[in-house]
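Step one of this worksheet: look at the structure below.
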Amino acid sequence: MRKKLFTFIAVLVLSITLKPILITARQSEGQPSEGKTEQLPDQPQTKSKTAQGKTSKVDGGPQKSPVTVKEVAPIKTQEEPANEKQEGEDISAANWWMVRLTGLIGIIAILQLFVFKRQADRLKQTIEKMDEIAQGQTADMKKYIDQATRSASAMEQVAKDMAISAQAAKDSVAAVKERTAQQMRAYLTVLIGNAFFQDRAKNTRFQTTPILLNSGHTPAYKVDYNMRTAVLNISPHEFPPLHRKEPEESIIGPQQSCTLLDGGIVDDFVPDQDVGGIMYLTFGKALYVWGVVTYEDIFGEPHRTEFAQALCWLPDGKVFGVYTPGHNKAT
């Protein structure tokens, strides 16, 4: 269809271009080059005038017949035919040059049509190729996007798994740290130590000397305690509040112990007749010691140990102690 269209346009252009050329050629062939009558500028034509019915009268003379003037064609010289022939040849040559120039313009126009057609075909091929490339790039981009989406989903799952693994590792480290801390930290325990009964003659009151032991594998820092000793009824009860004292901080190494003295003596003397009953638990009363110990382990964690003990004497004179239920705690 496009070839027919270009052929029609070419024929139309040729017809429009060659039509004035043919007309010009025909006019140049049909125009006579000889027999022209030209009026020379130095030979004015003599017009004939016929005086009809008019007579010239001369005073006193006889009447004459009318005068008739006849127009006579100018006589051509020998140079005029040569000039006319030369002019005709010049006009004919100019016309043929015009014909050739017009034909050349028509040929150039036809060549331009073919060039334009060639360019249009190339442009069409280029557009089709670009469209093909674009479609291929679109398909490749779609595949890339799909692949990137799958990769992103996989990476998201990997990130979730890594987060779970990290949390598990964190929990594991925390658990290891906790177990290590539990295994390695200091543990302060108050053991039943010795006791002394009242002897008024020696000005000695009932007294206890508990033993503070670090049973852990690392030192205990900032160790402080507050305890009190008193003779109380043998029955479940709440112990009286501890006396206020200035805080003291010390260090107890692993598997080391010390004796607690401050607060180990009762406040007053008891009647002398009650001393034996208190020592052998026959009077309904016993010697009690209770208190609290605070410290920090090697990891900087604070801890607290509460203790309460009831003491008595055996027949052989040795001291025997019992941990009071519900009042021995450790954190």
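The values are calculated or read from the model by the stated rules, or taken from the named source; none is laboratory data. The shown structure was predicted, so the numbers you read here are calculated from the model rather than taken from an experiment. Because the Cβ atoms are built from the backbone with ideal geometry, glycine has one as well, and the counts that use them run over all protein chains shown. These accessible areas exclude ligands, DNA and RNA; they are computed on the full protein's heavy atoms, side chains included. Shrake-Rupley method; radii C 1.70, N 1.55, O 1.52, S 1.80 Å.
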Order of 222-228, 253-259 by packing, highest average Cβ count within 10 Å first? 222-228, 253-259
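Take the Cα radius of gyration of segment 219-331 and divide it by 2.2 N^0.38 Å, with N its residue count; two decimals is plenty.
1.20
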Loop-only check: which trypsin sites (Lys or Arg not before Pro) in segment 250-321 are DSSP coil with at most 11 other Cβ within 10 angstrom? Lys318
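Rounding to the nearest 20 debye, state how big the charge dipole of segment 200-299 is about its Cα centre with +1 on each Lys and Arg Cβ and -1 on each Asp and Glu Cβ.
Dipole about the Cα centre, nearest 20: 340 debye.
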Coil-residue GluC sites (Glu not before Pro) of segment 227-331, DSSP, other Cβ within 10 Å capped at 13: Glu238, Glu248, Glu249
Percent relative contact order of segment 151-261, based on C-alpha pairs within less than 8 angstrom and at least six residues apart? 25
Computed about the Cα centre, the charge dipole of segment 266-313 from +1 Lys/Arg and -1 Asp/Glu charges at the Cβ has a magnitude in debye, to the nearest 20, of 200
Here segment 250-265 yields Karplus 3J(HN,Hα) values (6.51, -1.76, 1.60; θ = phi - 60°; whole Hz; Gly and Pro given as x) of 9, 10, 10, x, x, 6, 10, 9, 8, 9, 8, 10, 5, x, x, 10
3J(HN,Hα) from dihedral phi, segment 316-328, Karplus parametrisation 6.51/-1.76/1.60, rounded to Hz, x for glycine, proline: 7, x, 7, 8, 10, x, 10, 6, 5, x, x, 10, 10
With DNA, RNA and ligands ignored, accessible area of Thr204 (1.4 Å probe; Å², nearest 10): 40
Given the candidates Gln157, Ile127, Phe116, the one whose Cα lies deepest towards the positive end of the charge dipole of segment 106-175, counting +1 at each Lys or Arg C-beta and -1 at each Asp or Glu C-beta, is Phe116
So how far apart, in nm, are the two label points at Tyr144 and Val292 if each is 7 Å from Cα heading toward Cβ? 7.1
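Apply the a/c threshold of 1.5 to the C-alpha gyration tensor of segment 86-193 and tell me whether it is rounded, prolate or oblate. Spell out each step's value before the answer.
On the way: a/c = 22.25, a/b = 6.58, b/c = 3.38.
Prolate, because a/c is 1.5 or more and a/b exceeds b/c.
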Calculate one ³J(HN,Hα) per residue across segment 191-198 by plugging θ = phi - 60° into the Karplus curve 6.51 cos²θ - 1.76 cosθ + 1.60, and present them in order as whole Hz with x for glycine and proline. 8, 6, x, 10, 8, 10, 8, 6
Dividing the mean separation of Cα pairs under 8 Å (6+ apart) by the residue count of segment 214-270 yields a relative contact order in percent of 54
